[in-house]
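Let me begin by presenting the structure, written as structure tokens, before commenting on it.
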Amino acid sequence: GGSRATFSNATTSFHARLSCDTMVVSGRFLLGTGLALANCVLASVGFILQRKAQLLTDAGEETGACPMWSVGVALYILAAVPDVISYTMVPQVVCTTVACFRLVFVTFLAHTILKELVSFREALGMAICTIGTFLCLVYGPRPDEIQEDVLVEEMYHPQVWAYLAAGLALLLVLLAAEHADCISWCTVSQNVHYTALPLATGVAFALEKVFNTEIGFIKTPDDIQGLLQAPMWIGMTVSIAALGLTDFYLNLRAATRMPVQVFLPMSFALSTSLQFFQSIVIFSEFSNMSALDSGLSLVGATTSLIGAMLINPPRLSLLGHETLENEVEIDDASSWRKGGKLISTYDVEPL
């Protein structure tokens, strides 16, 4: 009788702990997803306000344009905070899929606020991207339970070291190829720039998100003294900042060297594809999932990317053109991959 009671108590305790752990993981997933969606809203609204201010300025209505532009820039910068935090809380594939959905939201705002026409292709892309995002959010991986006493002071996923070494080496090669024309005796074909620039930008952004995800498993220093004793945490923070600045620099460089309506979709597709690879292979986010859930989640993530590319595909016909008509200003160049939408009059079949 005593052993049976002991077994019953142990079973009850196990189920209670399992239920508690499930609630913790669910709460972490909801909060992280909410932050990813907050980034989506803030970045999209910020971009639209900047674009609206530019349109008012072009129309000669500069009175309210400056404050609107300032608010738009502030919201766009503020959007980086929930983005960074969300990557530390939920699987990378979820954050990446929400980033694809951001284009749906921007297209909707452009239509309702800026009165931009939505083509049939864009509407189809919005529907496909929305369905894909829904599938990934519902069936996608959930974050691992991370207790305070199991947070580590080194890489949580050992295979990250090899991946980062290969990725950073590739990035250096691409940067060298992109800047080869700085050497007087070295001549590089324009096609090399058209290839190396979006590749380098996509790799830099994806590697930044590796550190962003991995730092979520690292114990955060409590104070200045703890900060001095946490070289891994400092190194990851510096790496995130350095790769973020590299990404920003490459966006600015690309805006002066190739059509943004080619560069931005290409770099977005590459960085998103790399993040899907990182989610599956490097972080093994699907390892504890059923075959059905894994399949539906992967289909959702892929569908979301396809829908995003349908909304604004790369216009390869613009390559080689020095003067680009109907294209956004250089200052808006980095907004597409962060969630903006290039405004162009080339779209046909408005709804």
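The values are calculated or read from the model by the stated rules, or taken from the named source; none is laboratory data. All values derive from a computational prediction rather than experimental measurement. Glycine gets a Cβ as well: all are built from the backbone with ideal geometry, and neighbour counts include every protein chain shown. Accessible surface is based on the protein model in full, side chains and every heavy atom, while ligands, DNA and RNA are left aside. Shrake-Rupley method; radii C 1.70, N 1.55, O 1.52, S 1.80 Å.
When all protein chains stay in place and ligands, DNA and RNA are ignored, the 1.4 Å accessible-area order of Asp83, Asp181, largest first, is Asp181, Asp83.
Couplings 3J(HN,Hα) of the stretch 202-210, computed from phi: x, 5, 4, 5, 5, 5, 4, 6, 5 Hz, in residue order, whole Hz [Karplus 6.51 cos²θ - 1.76 cosθ + 1.60, θ = phi - 60°; x for Gly and Pro]. Accessible area per residue was computed with a 1.4 Å probe on protein heavy atoms; Met236 scores about 0 Å². Neighbours of Leu171, meaning other residues whose beta-carbon lies under 11 angstrom from its beta-carbon, give a summed charge of -3 when Lys and Arg score +1 and Asp and Glu score -1. One equal scatterer on each Cα of the stretch 238-278, no solvent, Debye formula: the resulting log10 I(q)/I(0) at q = 0.29 Å⁻¹ is -0.99.
Which parts of the stretch 199-214 would a label at Asp181 reach, counting a residue when its backbone N lies under 18 Å from a point 7 Å out along Cα-to-Cβ? Residues passing the 18 Å test: 199-201.
Quick check: with the 1.4 Å probe, what order do Lys52, Lys115 take by accessible area, largest first? Please report the intermediate quantities before stating the final value.
On the way: Lys52 65, Lys115 150 Å².
Final ranking, largest accessible area leading: Lys115, Lys52.
A crude spin-label estimate for the pair Gln190 and Ala242, with each label 7 Å from Cα along the Cβ direction, gives 3.5 nm.
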